[in-house]
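Asker: Structure incoming, see below.
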């Protein structure tokens, strides 16, 4: 009887996928190939690399690792999450249509609504918690269905499989922004998505010291189209940025376990605070999509949002009073961050139906002592 090959676990892939010891020296860490060009043996004959915008060995290692972590056949690395988003948007032509979830990172909405609509691409944003709403929004020229789950900043959880099926029926590409979950907690390709997008700045990098983006998928034709855009438009990461994301990915699993445990404890504590009126966290049994989150996700992540009695005034007062939670944009680092989305990361949707409540507070819960974090929030709320 033929023995079935052992499939490496996630933690093993994070440390080893694309990261064999370097051939020339045996270095166990992928080198930073800090070069812009590569010597060729003859015209048209090279060792796989010719110019670093097109390809770099450090970037290749990251792309291989990203594909492995998402269960894809390929990965592509970009200079930022928005550069990756822009590459997907460049799959579109004038007259094409995009269906997008209505709670989405502000920069994503801005790209499509302010730049690509001007070029003849139309956009419809709907509440995808009910997949039927996405189905009704589909048009003959719909080419992308943009899914973000859990969503930013209201932590809506969307049924990836059902939405991917709707996209495929309409001959559209199903894209999932998996930044909030990370590939450790959720793997959209296995649920039917065509593309997974990350701001690798966030949990994959994990240390608030790099800007990056990534895509992963299984369809080779889609890879060829996006790789052409990647090279032609040039939104690629430098080798040091790729190296930093690779370094961060090695500890992704253990970090996400702590992020999730801390966020769960804080979410439960917030629900008991009389000054808090609502808490958005998929790990709470009161979350409307808690059961779906349990099916799709390994754990519930480090992101949550909530509202206080007193609205925007109380929220801004609290955000200015924290001592451990830094008042800052971004998310996914080992340190805890606090922000007011409408005034900070989501200013581009102000005045639209996509705008979050003015008094919404968003937390990126880090991996510090959870008792210290709860104490900090308690004194800040007052």
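The values are calculated or read from the model by the stated rules, or taken from the named source; none is laboratory data. Since the model is a prediction, treat every value here as computed from it, not as a measurement. Virtual Cβ from ideal backbone geometry, glycine too; neighbours counted across all protein chains shown.
Asker: Name the one entry in 79, 17, 52, 67 that is touching a helix residue (DSSP H, G or I) at 6+ places or on another chain (Cβ under 7 Å), modelled with pLDDT of 95 or more and either more than 29 Å from residue 127 (Cα to Cα) or surrounded by 15 or more Cβ atoms within 10 Å (Cβ to Cβ) (or both).
Answerer: So the residue among 79, 17, 52, 67 that is touching a helix residue (DSSP H, G or I) at 6+ places or on another chain (Cβ under 7 Å), modelled with pLDDT of 95 or more and either more than 29 Å from residue 127 (Cα to Cα) or surrounded by 15 or more Cβ atoms within 10 Å (Cβ to Cβ) (or both) is 17.
Asker: Exactly one of (1) crowded, with 21+ Cβ neighbours inside 10 Å; (2) touching a strand residue (DSSP E or B) at 6+ places or on another chain (Cβ under 7 Å); (3) assigned to a loop (DSSP other than H, G, I, E, B) is unmet by residue 201. Its number?
Answerer: The single condition residue 201 does not satisfy is (2).
Asker: For segment 9-53, which residues satisfy the criterion of being closer than 20 Å to residue 73 by Cβ, in contact (Cβ under 8 Å) with a residue 40 or more places away in the chain and part of a loop (DSSP other than H, G, I, E, B)?
Answerer: 17, 18, 19 - these are the residues of segment 9-53 that are closer than 20 Å to residue 73 by Cβ, in contact (Cβ under 8 Å) with a residue 40 or more places away in the chain and part of a loop (DSSP other than H, G, I, E, B).
Asker: Would you point out which residue out of 163, 154 is in the same structural domain as residue 235 (by TED's automatic domain parsing), in a loop (DSSP other than H, G, I, E, B) and within 16 Å of residue 102 (Cα to Cα)?
Answerer: 154
Asker: Kindly provide the set of residues from segment 346-362 that are under 21 Å from residue 377 (Cα atoms) and touching a strand residue (DSSP E or B) at 6+ places or on another chain (Cβ under 7 Å), ordered by number.
Answerer: 357, 359, 360, 361, 362 - these are the residues of segment 346-362 that are under 21 Å from residue 377 (Cα atoms) and touching a strand residue (DSSP E or B) at 6+ places or on another chain (Cβ under 7 Å).
Asker: Which residue out of 58, 37 is under 21 Å from residue 214 (Cβ atoms) and at pLDDT 95 or above?
Answerer: 58
Asker: Is one or more of the residues making up segment 297-307 surrounded by fewer than 17 Cβ atoms within 10 Å (Cβ to Cβ) and out of contact with any strand residue (DSSP E or B) (no Cβ under 8 Å at 6 or more places or on another chain)? Write out each step before concluding.
Answerer: Here is the first cut: in segment 297-307, the residues surrounded by fewer than 17 Cβ atoms within 10 Å (Cβ to Cβ) are none.
So far as segment 297-307 goes, no, none of its residues is surrounded by fewer than 17 Cβ atoms within 10 Å (Cβ to Cβ) and out of contact with any strand residue (DSSP E or B) (no Cβ under 8 Å at 6 or more places or on another chain).
Asker: Could you identify the single residue in 119, 154 that is modelled with pLDDT of 95 or more, closer than 21 Å to residue 304 by Cβ and surrounded by fewer than 24 Cβ atoms within 10 Å (Cβ to Cβ)?
Answerer: 154
Asker: So, one more: Residues that are touching a strand residue (DSSP E or B) at 6+ places or on another chain (Cβ under 9 Å) and within 26 Å of residue 232 (Cβ to Cβ), at least 2 per element: which helices (runs of 4 or more DSSP H) completely within segment 71-151 meet that?
Answerer: 81-89, 106-110
Asker: Oh, and also: Could you tell me whether any residue of segment 221-232 is in a loop (DSSP other than H, G, I, E, B) and either more than 20 Å from residue 300 (Cα to Cα) or assigned by TED's automatic domain parsing to the domain that holds residue 100 (or both)?
Answerer: Scanning segment 221-232 turns up no residue that is in a loop (DSSP other than H, G, I, E, B) and either more than 20 Å from residue 300 (Cα to Cα) or assigned by TED's automatic domain parsing to the domain that holds residue 100 (or both).
Asker: Does residue 241 satisfy the condition of being out of contact with any helix residue (DSSP H, G or I) (no Cβ under 6 Å at 6 or more places or on another chain), in the same structural domain as residue 192 (by TED's automatic domain parsing) and either in a strand (DSSP E or B) or touching a residue at least 40 places away in the same chain (Cβ under 8 Å) (or both)?
Answerer: It is true that residue 241 is out of contact with any helix residue (DSSP H, G or I) (no Cβ under 6 Å at 6 or more places or on another chain), in the same structural domain as residue 192 (by TED's automatic domain parsing) and either in a strand (DSSP E or B) or touching a residue at least 40 places away in the same chain (Cβ under 8 Å) (or both).
Asker: Report whether or not residue 5 is outside the structural domain of residue 111 (by TED's automatic domain parsing) and either over 27 Å from the mean Cα position of the chain (by Cα) or under 18 Å from residue 238 (Cα atoms) (or both).
Answerer: yes
Asker: Here are the criteria: (1) in contact with a strand residue (DSSP E or B) (Cβ under 6 Å, 6 or more places away or on another chain); (2) not in a helix (DSSP H, G or I). Tell me which single one residue 206 does not satisfy.
Answerer: (1)
Asker: Would it be correct to say that residue 278 is surrounded by fewer than 19 Cβ atoms within 10 Å (Cβ to Cβ), farther than 22 Å from residue 33 by Cβ, touching a strand residue (DSSP E or B) at 6+ places or on another chain (Cβ under 9 Å) and not assigned by TED's automatic domain parsing to the domain that holds residue 79?
Answerer: Judged against the criteria, residue 278 is a match.
Asker: Let me ask something additional. So, in segment 366-382, how many residues would count as being crowded, with 16+ Cβ neighbours inside 10 Å and outside any helix (DSSP H, G or I)?
Answerer: Residues that pass the stated criteria total 3.
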